[in-house]
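Colleague: Sharing a structure here in structure tokens format.
The values are calculated or read from the model by the stated rules, or taken from the named source; none is laboratory data. What you are looking at is a predicted structure, and each value in this text was computed from that prediction instead of being measured. No Cβ is skipped: glycine too gets one built from the backbone with ideal geometry, and neighbour counts run over all protein chains shown.
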Amino acid sequence: MKLRIGSRRSRLALAQAREVADGIGAMGVETEIVPFVTSGDRGISPVGPGGVKGSFVAEIVRALQDAEVDLAVHSAKDLPSLDPEGIVVGAVPDRAAPFDVMVSREADLPDGGIVGTSSIRRKAQLLRSRPELRIVDLRGNVDTRLAKLEEGSVDALVLAAAGLARLGVAPPNAMPLPVDEMVPAPGQGALAVQVRADDQVTLEVVRQIEHRRSRLAFDAERGLVARLGGDCSLPLGAYAEEREEGVRLLAVVVKPDGTDLVWAQAEAANPLDVAGEVAEMLLAGGAGAILAEAQAGR
């Protein structure tokens with residue numbers, strides 16, 4: 001038995017696919033990674049309900065639906081909030097650190113420093129905590145952005161801790177950003193393993209790499225995105241974790257210029273209930289208007 005794993009072609013995506021392949025391989029199951037270049041990788045503007053998230057997974061999902069691959073590995077934060085027809089998330093492996101990291105050329109980032117990021121979520125929260133910073137749009141993979149930092153195009157970057165760890169990259173000036181300053185993207189640090197819903201053999205295999213606590217957090221954060229109608233291009237941060245009484249979820253919606261913020265936190269027995277509670281609290285606080293403004297400005 002050999003399972004074909006669909007993945008994006010980037011170095012980070014392939015590292016994530018190998019992580020899943022290693023977990024499956026430890027059970028004695030042979031795997032093969034099948035790389036794809038997605039429309040998101042090619043810089044094509046998103047079309048359809050999947051939006052920006054869908055642009056990074058659509059081709060791989062189609063290959064999975066057509067049985068060209070047996071499973072697909074995605075960064076959970078790139079996954080649309082609703083499953084495509086005939087596809088389920090068969091497993092969420094043990095989540096890596098979900099937090100963001102400030103990587104700078106010098107040990108201290110000066111007032112007025114230039115920070116590169118393409119994330120409106122990161123930009124909004126940075127401006128909220130340090131309005132004197134200058135935020136510039138900087139796109140590309142982790143290696144490209146680190147090269148821009150080294151050459152002096154920017155003074156600092158904000159990157160996902162999980163991505164750095166999976167690539168084995170340890171920049172000298174990397175400062176973890178606390179959740180009260182930078183709430184991570186929904187699903188950040190987690191992997192989602194998609195499988196065809198009717199493929200019971202593959203489902204049974206991937207379920208053995210499921211990590212219960214990571215799944216609870218994934219379901220809560222993804223459920224919140226579904227209720228707010230947002231995607232990874234919006235200024236929405238969410239972080240869930242298992243607690244004694246169930247699942248606790250913290251979320252923020254920040255105006256893109258950092259001048260307004262709505263936050264909510266709740267705890268419930270299961271992830272979908274807490275997602276619903278937090279969504280209601282955010283919307284009652286005015287998050288809907290901020291999200292609508294951000295969507296209109298894209």
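Colleague: Please specify each residue of region 1-18 satisfying the condition of being touching a Phe, Trp or Tyr at 6+ places or on another chain (Cβ under 9 Å) and without any contact (Cβ under 8 Å) to a residue 40 or more places away in the chain.
Modeller: R9
Colleague: Given the residues P172, P186, P256, which is the only one that is assigned to a loop (DSSP other than H, G, I, E, B), in contact with a strand residue (DSSP E or B) (Cβ under 6 Å, 6 or more places away or on another chain) and outside the structural domain of G28 (by TED's automatic domain parsing)? It would help to see each step written out before you state the result.
Modeller: Working: P172 fails: in contact with a strand residue (DSSP E or B) (Cβ under 6 Å, 6 or more places away or on another chain); P256 fails: in contact with a strand residue (DSSP E or B) (Cβ under 6 Å, 6 or more places away or on another chain).
Just one listed residue meets the conditions, P186.
Colleague: I would also like to ask the following. So, in region 118-147, of the ones that are among the polar types (S, T, N, Q) and touching a strand residue (DSSP E or B) at 6+ places or on another chain (Cβ under 9 Å), which residue ends up surrounded by the most Cβ atoms within 10 Å (Cβ to Cβ)?
Modeller: Start the filter on region 118-147 by keeping residues that are among the polar types (S, T, N, Q), which leaves 118-119, 125, 129, 141, 144.
Going one step further and asking which of them are touching a strand residue (DSSP E or B) at 6+ places or on another chain (Cβ under 9 Å), we end up with 119, 125.
On the way: S119: 22, Q125: 24.
Across region 118-147, the extreme among qualifying residues is Q125.
Colleague: From the list A275, A268, A284, pick out the single residue that is farther than 22 Å from E181 by Cβ and under 19 Å from the mean Cα position of the chain (by Cα). Lay out the reasoning, then the answer.
Modeller: Working: A268 fails: under 19 Å from the mean Cα position of the chain (by Cα); A284 fails: under 19 Å from the mean Cα position of the chain (by Cα).
Exactly one residue qualifies, and that residue is A275.
Colleague: Here's a follow-up. Just name the residue that is nearest to R227 (Cα to Cα) out of those in region 260-284 that are surrounded by fewer than 16 Cβ atoms within 10 Å (Cβ to Cβ) and free of Cβ contacts under 8 Å to residues at least 24 places away in the same chain.
Modeller: Looking at residues that are surrounded by fewer than 16 Cβ atoms within 10 Å (Cβ to Cβ) and free of Cβ contacts under 8 Å to residues at least 24 places away in the same chain, I get E280.
Colleague: Any idea which of V158, V183, V154 is farther than 16 Å from E106 by Cα and either buried (at least 21 other Cβ atoms within 10 Å of the Cβ) or among the hydrophobic types (A, V, I, L, M, F, W, C) (or both)?
Modeller: Details: V158 fails: farther than 16 Å from E106 by Cα; V154 fails: farther than 16 Å from E106 by Cα.
The unique qualifying residue is V183.
Colleague: So, in region 177-203, exactly how many residues are among the hydrophobic types (A, V, I, L, M, F, W, C) and either free of Cβ contacts under 8 Å to residues at least 40 places away in the same chain or within 23 Å of L64 (Cα to Cα) (or both)? Don't jump to the end; show me each part of the working.
Modeller: So in region 177-203, the residues among the hydrophobic types (A, V, I, L, M, F, W, C) come out as 177, 179, 182-183, 185, 190-193, 195, 197, 201, 203.
Restricting the remaining residues to those that are either free of Cβ contacts under 8 Å to residues at least 40 places away in the same chain or within 23 Å of L64 (Cα to Cα) (or both) gives 190-193, 195, 197, 201, 203.
Of the residues in region 177-203, 8 are among the hydrophobic types (A, V, I, L, M, F, W, C) and either free of Cβ contacts under 8 Å to residues at least 40 places away in the same chain or within 23 Å of L64 (Cα to Cα) (or both).
Colleague: Just give me the residues in region 189-203 being in a loop (DSSP other than H, G, I, E, B) and surrounded by 15 or more Cβ atoms within 10 Å (Cβ to Cβ), in sequence order.
Modeller: Initially, region 189-203 is screened for residues in a loop (DSSP other than H, G, I, E, B), giving 189-190, 197-199.
G189, A190, D199 - these are the residues of region 189-203 that are in a loop (DSSP other than H, G, I, E, B) and surrounded by 15 or more Cβ atoms within 10 Å (Cβ to Cβ).
Colleague: Could you tell me which numbered condition S214 fails, if it satisfies all but one of (1) closer than 25 Å to A124 by Cβ; (2) out of contact with any strand residue (DSSP E or B) (no Cβ under 8 Å at 6 or more places or on another chain); (3) buried (at least 17 other Cβ atoms within 10 Å of the Cβ)?
Modeller: Single failed check for S214: (1).
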